[in-house]
1. Mind putting a number on the dipole of the range 19-178 about its Cα centre? Charges go on the C-beta only, +1 for Lys and Arg and -1 for Asp and Glu, and I need it in Debye to the nearest 20.
2. Mind checking which of D70, D101, D79 has the largest fluctuation in a GNM of the chain, springs on alpha carbons under 10 Å?
3. Quote the convex hull volume per residue of the range 90-178, based on C-alpha atoms, as a whole number of Å³.
4. What is the spread of the Cα atoms of the chain along each of their three principal axes, largest first, in whole Å?
5. Mind telling me which of V38, V73, V30 comes out most flexible in a GNM of the chain, alpha-carbon contacts under 10 Å?
6. Quick one: compute the contact order of the chain, relative version, from alpha carbon pairs under 8 angstrom and 6+ residues apart, as a percent.
7. Only sites in a loop by DSSP and with at most 11 other Cβ atoms within 10 Å count here; which GluC sites (Glu not before Pro) in the range 11-95 make the cut?
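Quick note: the coordinates plus some simple rules give every number you see, no bench work behind them. Because the structure is a prediction, the values reported are computed rather than measured. Heads up, the Cβs are rebuilt from the backbone with ideal geometry, glycines too, and the neighbour counts pull from every protein chain shown.
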Amino acid sequence: MSAAATKQFLKAIAARRTIYALKPELPSGVSINDVQEVVQAIVKDTPTSFNCQGNRAIILTGETHKSVWDSVVNAIEGDNGKKRPASARDEAFGSIIFLTDDKTTEKLQADFPAWSAIFPSFAEHSSGAAQISTWTAIELLGLGGHLQHYNGYVKAALPEGAIPQEWTVQAQLVFGLPAAEAGEKTYIDNPVKILN
Ligand SMILES: Cc1cc2nc3c(=O)[nH]c(=O)nc-3n(C[C@H](O)[C@H](O)[C@H](O)COP(=O)(O)O)c2cc1C
């Protein structure tokens, strides 16, 4: 560990952006197993409340990715809502589906009733942490990605038996080869104070 390592880490965080323009390819020298390795490591190492380890993820590619997003396109009403799912289907290489295991949350609620009400949000916090770490890491591999939330539609469209019924879909990180730069991003003045 060193200041240089911290700088590298912050650089990676700043480099992660929403990339909507994608091609259904992987960068040269990157395989889907590399993506799987990244997701596996992040799901393992992302902290969870009481170390409950309730984060889950699956990766969709090929026909499954296409058919899931095609089902979402068909299920959504109105052209506005279809835009991102259609682009995921036609322009992305795959999608990482982040989930949480409700059984894990329910066990925590039974074991620690005093915190029962907050465990569902803790599960979402930890999933969010895994999502953004994964987004950052895959963009370091040369991929581009955008985060979507067609959660119920995606769960309904997954192949039968792909996941246990008690897993809740939290988000979809749609990825592919970047076809254009990220859009402009503006920042508010948002100082972090130190109080002594
Ligand atoms: C918790 C969270 C939820 C988001 N949900 C969506 C979403 O449903 N659809 C979408 O297109 N982008 C979504 N985004 C992407 C944000 O719009 C994007 O991160 C933000 O505009 C900043 O741009 P950047 O990602 O390029 O830094 C989400 C981002 C976060 C952190």
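1. On the way: 11 positive and 18 negative charges, 29 e Å.
The calculation lands at about 140 debye.
2. Ranking D70, D101, D79 by mean-square fluctuation puts D79 first.
3. Values: hull volume 8.8 nm³, N = 89.
Per residue, the Cα convex hull of the range 90-178 comes to 99 Å³.
4. 49, 43, 33
5. V30
6. On the way: 294 pairs, mean separation 67.1, N = 196.
Averaging sequence separation for qualifying contacts and normalising by length gives 34 percent for the chain.
7. On the way: sites: E25, E37, E63, E77, E91; in loops: E25, E77.
Taking the range 11-95 and a limit of 11 other Cβ atoms within 10 Å, the loop GluC sites (Glu not before Pro) found are E77.
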